[in-house]
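Report on the following structure.
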Amino acid sequence: MGAEDKIKIFGMSNSLVERELDKVEKKLKIDLQRSSEDQKDEHYYPQFDQELRVEARDMGKHYELFYCLENSIRRLVAETLESEHGANWWDTCVPEKIKTNVKENMRREIDSGITLRSEDEIDFTTFGELGEIVRSKWASFDTMFSSEKAFSKIMTNLNVLRNPIAHCCPLAEDEIVRLQLTVRDWFRLME
């Protein structure tokens, strides 16, 4: 057996051990603090109840998934409309109601004295507004998505599933499955 095979076996064995330790942590509701990548606040974080910390860790993977999905959709919308309508796409393609809401969101952040989250207006849209932008310029997206009706349905489902994730509530087991299926539907919609 060569060195490469030994490394592969070591990696697979490690994965199996990690998976078993995950099960133990979940079953016993404990945190063995195996993850070196977590840079948690050492002063405040330990003061929270262990059960709450475990729930937060479990929800973290759903947040990461949705973070990637939502921001990739934002990019997709911006890049598609810019390539088809030019650099001024925000002014010419976005419905007035959404532009007004974005201006209000930006103004609120400026007035609060916090660092503005972004220079790009699209980063101030709600998830639902992203769907509205696409539907308002469907001709720019119709070759990208297999069906406008399916697009609307999937975006609505994602928006509903986003709420507990964005508002720090645990997802029920059924909703975890529904999230996975809906994300799968999203990627199928783009085939």
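The values are calculated or read from the model by the stated rules, or taken from the named source; none is laboratory data. Keep in mind it's a predicted model, so treat the numbers as computed, not measured. Glycine gets a Cβ as well: all are built from the backbone with ideal geometry, and neighbour counts include every protein chain shown.
Of K153, K103, K99, K149, which residue is loosely packed, with under 11 Cβ neighbours inside 10 Å, modelled with pLDDT of 95 or more, assigned to a helix (DSSP H, G or I) and basic (K, R)? If you could, list the steps in order and put the result at the bottom.
Numbers: K153 fails: loosely packed, with under 11 Cβ neighbours inside 10 Å; K103 fails: loosely packed, with under 11 Cβ neighbours inside 10 Å; K99 fails: loosely packed, with under 11 Cβ neighbours inside 10 Å.
Residue meeting the stated conditions: K149.
Does at least one position in segment 36-53 carry a residue that is closer than 20 Å to Q180 by Cα, modelled with pLDDT of 85 or more and in a helix (DSSP H, G or I)?
no
Would you pick out the residues in segment 156-169 that are more than 13 Å from the chain's Cα centre (by Cα), surrounded by fewer than 16 Cβ atoms within 10 Å (Cβ to Cβ) and in contact (Cβ under 8 Å) with a residue 12 or more places away in the chain?
T156, C168
Taking the condition out of contact with any Gly (no Cβ under 8 Å at 6 or more places or on another chain), of a type outside the set (K, R) and not in a helix (DSSP H, G or I), does P164 pass? Give the steps one after another, and end with the answer.
On the way: out of contact with any Gly (no Cβ under 8 Å at 6 or more places or on another chain): yes; of a type outside the set (K, R): yes; not in a helix (DSSP H, G or I): no.
The answer is no for P164.
Between residues in segment 170-191 that are within 16 Å of V160 (Cβ to Cβ) and residues that are polar (S, T, N, Q), which pairs lie under 8 Å by C-beta distance while being six or more apart or on different chains?
R178/N157; T182/N157; D185/N157
Out of all the residues in segment 116-126, which are buried (at least 19 other Cβ atoms within 10 Å of the Cβ) and not polar (S, T, N, Q)? Reasoning before the result, please.
Narrowing segment 116-126 to residues buried (at least 19 other Cβ atoms within 10 Å of the Cβ): 122, 124-125.
Correct list: I122, F124.
Here are some residues: I154, I176. Which one is of a type in the set (A, V, I, L, M) and farther than 18 Å from N71 by Cβ?
Working: I154 fails: farther than 18 Å from N71 by Cβ.
None of the others qualify; the one that does is I176.
Taking only pairs six or more apart or across chains, which ones have beta-carbon atoms under 8 Å, a first residue in segment 67-86 that is closer than 12 Å to F127 by Cα and of a type in the set (D, E, K, R), and a second residue that is at pLDDT 95 or above and not in a helix (DSSP H, G or I)?
Listed by first residue and then by second, the contacts come to R74/T125.
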